[in-house]
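Undergrad: The structure's right below; bear with me while I get my questions together.
The values are calculated or read from the model by the stated rules, or taken from the named source; none is laboratory data. Since this is a predicted model, take the numbers as computed values, not measurements. Because the Cβ atoms are built from the backbone with ideal geometry, glycine has one as well, and the counts that use them run over all protein chains shown.
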Amino acid sequence: MSSTRRRFTGLAVGALALATTAAAARAATELTVYTALEADQLKAYQAAFEKANPDVKIRWVRDSTGIVTAKLLAEKANPQADVVMGLAATSLMLLDKEGLLLPYAPKGLEKVKPTMRDPADPPKWVGMDVWSSALCFNTVEAGKRGLEAPTSWADLTDPAYKGQITMPNPASSGTGFLMVSAWLQMMGEEKGWAYMDALHQNVAAYTHSGSKPCRQAGAGEYTIGLSFEYRANKTKKDGAPIEVILPKEGLGWDMEAIGIVKTTKKLEAAKKLADWAVSEEANRLYAQNFAIVALPGIASRLEHVPGDIEAMLIENDFAWAAANRERILAEWSKRYDGKSEPRS
Amino acid sequence: MATASGPLATPLPVPAAAPRPVRQALSRDDLVMRAGLGLLVLWLALSVVLPLWALLEKAFSGPAGEFVGLANFAAYLATPALSTSLGNSLLIAAASTVICVGLAFGYAWALTRTCLPAKALFKAIAAIPILAPSLLPAIALVYLFGNQGFARWALFGHSIYGPIGIVIGEVFWTFPHALIIVTTALATADARLYEAAVALKASRSRIFWTVTLPGARYGLISATFVVFTLVITDFGVPKVIGGSFNVLAVDVYKQVVGQQNFQMGAVVGLVLLIPALFSFLVDRLVQRRQAALLSARAVPLVPAPDRLVDRLALFFCSIVAFAILVVLGTAIFASLATFWPYDLRPSLKNYDFDNMDGGGWESYRNSLEMAALTALFGTAIIFGGAWLVEKTRRFEGVRGLVQLLALLPLAIPGLVMGLGYIFFFVEPSNPFHFLYGSMAILVICTIAHFYSVAHLTAVTALKQLDPEFESVSASLKVPLWRTFFKVTVPVCLPAILGIALYLFVNAMTTVSAVVFLYSPHTQLASIAVLNMDDAGDIAPAAAMAVMIFLTSAVVRGLYGLVTRGLLARTQAWRRR
């Protein structure tokens, strides 16, 4: 008798526990941090930060740049994030325009390169590192097809590469957006769109993430992947038969940056993360993944990326890119997204 | 029971010396059961009806929540990329359905009407796809027929990315669903019809067209609609291998997750609901007729050996089984290769989930937890609910309502359900808002998503129990719950375990409903497969899909062992 009753109570207690586990937070302050950083970078950053600040625990919400941006904008009435870290500066500018960011000068801000922070004082966001576009070119597949390695963006419209190129969709991928933004800035709007029309003829697929084109090139699924230098370097390190190419006209780039969300209820912890993000320790970690970081003198060279990335970056008008982001994406989607038949 | 003679009006408790001593008055047990039914209605309203309502509301409102009538639908029709998807979806679903039901019919026919050797083995192989998420066949197809695929020649230069890939993946994934239905339909044949046909000197093909096929037609219709609905609402396969071939299910995902355009997502979700609802209604109608097909005097058909037919059956089933094993084997092989396709030495590198997108091994542990909780609570709620519906005396209105609500989820695609859940729970004014982002919401949603089939299983099992048990217990003054635990549960144990298994496996493999609901704390393995594929980490995605398959397979194996042991112990009464 009582055993069955106990069973019932057990069920009821279980149901209650089930309902409340979610609500019960852990003891240490838990920061919800929205990020577009790569999953393989997050671990190291988190471990270092939590070691320095044992009373704060990071909970990442990770997705690609476009999605994190859209999510933050959709939630603007009731923001869920405490901090945004490792999101494109152009996206942070958009958030700032919506009044979502808290002005805060992290400790050690004076050392940060002036080009790598919000010019406002105190800044709404501070840059962490620069990431830029790069091509992944599969030499094995190219050999089989007798394809020459491209050296420039212009080369990519060569009909020989038809169906051999993948590129990230700029609406969802920050890497995709910085390429499109760079082409429009370098070539001017009219020629920029004409270039993309021509490139579109060769593109086999537009991917959701900025990493996938390089991964696919690495696996020989397609010969050329338009991606970014960190992923290119890593893919080659993983053993893919690729060559990393920096197109000679110049590289599109964006900054990964950090900003505090105005509505956070965990301001102290959020400030700690912002302070840590501009520290030398953090910058050394960024430098393991990126050639150019916020603090001067910590620049590194990526093992498998030839050439001087910093010298090849285009002059990037972030304000223009942020202000025109929505218009550019709408135009891009209208031109290339609606392609309904599969392309071989 | 007393129901038949009793008036519809609820009688008040009658004193002991009432004029009708045989007929029980509304006892405490009755009240408890009615209260239980009331709670069940509340639960179903909360977990099924209100989220659906929230979705409807969203489809007719603007970004600020104002009512905009059909404006969203007009915008939908004006977006060419979105409306093309409708045609694409219908095309894919039609093609997949024809192929899948055709194959399933052949396979089921061989299993039921021939002396095919190793039937148990063929049955086991055919069940494989049900144990894996729909993403697994899609990923395997990339390895088989992608630009580096080892069977690429078989496509004659066509690309696997697009309709071809989607159709193959969907056929693989829906095959067991169709097979179960068609096998059941073919299993119940009346041998006398065949004897008569043979006596009338009908030819083989004539017998097939005039006896076999008509006998299975309801099963075929049912399978057709089930597969059609599964395909049109599945999003795993087209997401992975669809290339730029847009379908409705992926549109919902893109609108909601990619662009956070919830109104448009709701509109596409409603469009998805139409074929699903339609096929649900047809299926209901068909099943009502199927029941009357087999008369009590029917003689079960026992297939006679026939060398030629049996060999053909063996040949056909071997091809299908081989195809299933190749797809599964490819996924396993690819997950174990060091760097496909350039370094095929085996390694476990791809199982190092912690350095990939998707939440790492934690997502796998979360999936286990979610599946276990779903199986535990789901079985308790669904079986308990079915018992209340079956055993509560009178109270027809509410019982009918529960029946209806319990079947409703069958008509709701997972994506639509998940979407309704965010709309409903994300509102800060909702008292249940605290569930948003929790493990509980995943469990609740998954139970609701798979409620109907489990409910039907429970009802079938309970219907086999003579209502005399309750009457006798009541007259012996044995408390209700005691009868429940001492008689009902032990007798129905096979069905209860079956429900638990069904819920567990589906919770492990589901993507569609939970893709909108997971939070950083509650990443799931099936979602990790999706996210890793998205990031281009396709080999690790294959590895995680294999982990899901293995887990489901092990649990299913355990279920087999446990039920065998239990059946021997608790079902001895079935034998004389």
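Undergrad: Would you confirm, using the coordinates I've provided, whether residue A:192 is of a type outside the set (A, V, I, L, M, F, W, C), within 27 Å of residue A:292 (Cα to Cα) and surrounded by fewer than 20 Cβ atoms within 10 Å (Cβ to Cβ)?
TA: yes
Undergrad: Residues in the range B:244-253: is at least one within 14 Å of another protein chain (Cβ to nearest Cβ), among the small types (Gly, Ala, Ser), under 24 Å from residue B:99 (Cβ atoms) and out of contact with any Asp or Glu (no Cβ under 7 Å at 6 or more places or on another chain)?
TA: Checked against the condition, which is being within 14 Å of another protein chain (Cβ to nearest Cβ), among the small types (Gly, Ala, Ser), under 24 Å from residue B:99 (Cβ atoms) and out of contact with any Asp or Glu (no Cβ under 7 Å at 6 or more places or on another chain), the range B:244-253 yields at least one hit.
Undergrad: If you scan the range A:103-113, which residues turn out to be touching a residue at least 24 places away in the same chain (Cβ under 8 Å) and at negative phi?
TA: Across the range A:103-113, the qualifying residues are A:104, A:106, A:107, A:109, A:111, A:112, A:113.
Undergrad: Taking only the range A:54-101 into account, find how many residues are within 12 Å of chain B (Cβ to nearest Cβ), buried (at least 22 other Cβ atoms within 10 Å of the Cβ), under 23 Å from residue B:433 (Cβ atoms) and in contact with a Pro (Cβ under 8 Å, 6 or more places away or on another chain).
TA: Residues meeting the conditions: 1.
Undergrad: Does residue B:61 satisfy the condition of being buried (at least 16 other Cβ atoms within 10 Å of the Cβ), among the small types (Gly, Ala, Ser) and at pLDDT below 90?
TA: Yes: the conditions hold for residue B:61.
Undergrad: Scan the range B:356-407 for residues that are within 12 Å of chain A (Cβ to nearest Cβ) and either in contact with a Pro (Cβ under 9 Å, 6 or more places away or on another chain) or of a type in the set (Lys, Arg) (or both) and jot them down.
TA: If the condition is that a residue be within 12 Å of chain A (Cβ to nearest Cβ) and either in contact with a Pro (Cβ under 9 Å, 6 or more places away or on another chain) or of a type in the set (Lys, Arg) (or both), then B:356, B:357, B:358, B:359 are the ones that fit.
Undergrad: Another question, then. Check the range B:206-229 and report whether any residue there is of a type outside the set (A, V, I, L, M), within 14 Å of chain A (Cβ to nearest Cβ) and within 29 Å of residue B:512 (Cα to Cα).
TA: No, the conditions are met nowhere in the range B:206-229.
Undergrad: Would a scan of the range A:295-313 turn up a residue that is surrounded by 13 or more Cβ atoms within 10 Å (Cβ to Cβ), β-branched (Val, Ile, Thr), over 24 Å from residue A:108 (Cα atoms) and at pLDDT below 95?
TA: yes
Undergrad: Let me ask something else. Among the listed residues B:220, B:213, which satisfies the condition of being among the hydrophobic types (A, V, I, L, M, F, W, C) and exposed (fewer than 15 other Cβ atoms within 10 Å of the Cβ)?
TA: B:213
Undergrad: Kindly establish whether residue A:278 is farther than 15 Å from residue A:133 by Cβ, surrounded by 21 or more Cβ atoms within 10 Å (Cβ to Cβ) and among the β-branched types (Val, Ile, Thr).
TA: So residue A:278 fits the description; yes.
Undergrad: Another one. Mind checking which helices (runs of 4 or more DSSP H) fall wholly inside the range B:182-272 and carry at least 3 residues that are within 28 Å of residue B:449 (Cα to Cα)?
TA: Passing ranges, in order: B:213-233, B:236-241, B:248-253.
Undergrad: Can you give me the ranges of the helices (runs of 4 or more DSSP H) entirely in the range A:114-225 with at least 3 residues that are within 14 Å of chain B (Cβ to nearest Cβ) and in contact (Cβ under 8 Å) with a residue 60 or more places away in the chain?
TA: Result: A:139-145, A:174-187, A:212-218.
Undergrad: If you don't mind, another one. Suppose we keep only residues that are away from chain B (no Cβ under 12 Å) and aliphatic (A, V, I, L, M) within the range A:233-245. Which one would you say is surrounded by the fewest Cβ atoms within 10 Å (Cβ to Cβ)?
TA: Out of the qualifying residues, it is A:245.
Undergrad: Give me the pairs: first residue in the range A:43-58 and touching a residue at least 24 places away in the same chain (Cβ under 8 Å), second residue of a type in the set (Val, Ile, Thr), beta-carbon distance under 6 Å, and six or more apart or on different chains, which are they?
TA: What qualifies is A:56/A:29; A:58/A:33.
Undergrad: For the range B:63-102, what are the residues that are among the polar types (S, T, N, Q) and not in a helix (DSSP H, G or I)?
TA: Correct list: B:79 only.
Undergrad: Which one of the conditions (1) in a loop (DSSP other than H, G, I, E, B); (2) assigned by TED's automatic domain parsing to the domain that holds residue A:102; (3) not β-branched (Val, Ile, Thr) does residue A:302 fail to meet, given that it meets all the rest?
TA: Going through the list (1) in a loop (DSSP other than H, G, I, E, B); (2) assigned by TED's automatic domain parsing to the domain that holds residue A:102; (3) not β-branched (Val, Ile, Thr), residue A:302 breaks only (2).
Undergrad: Which helices (runs of 4 or more DSSP H) sit wholly inside the range B:435-534 and have at least 2 residues that are crowded, with 24+ Cβ neighbours inside 10 Å?
TA: Helices (runs of 4 or more DSSP H) meeting the threshold: B:439-449, B:451-463, B:489-509, B:525-534.
Undergrad: Further question: Just checking, how many residues over the range B:335-355 are more than 8 Å from chain A (Cβ to nearest Cβ) and touching a Lys or Arg at 6+ places or on another chain (Cβ under 8 Å)?
TA: So the answer is 1.
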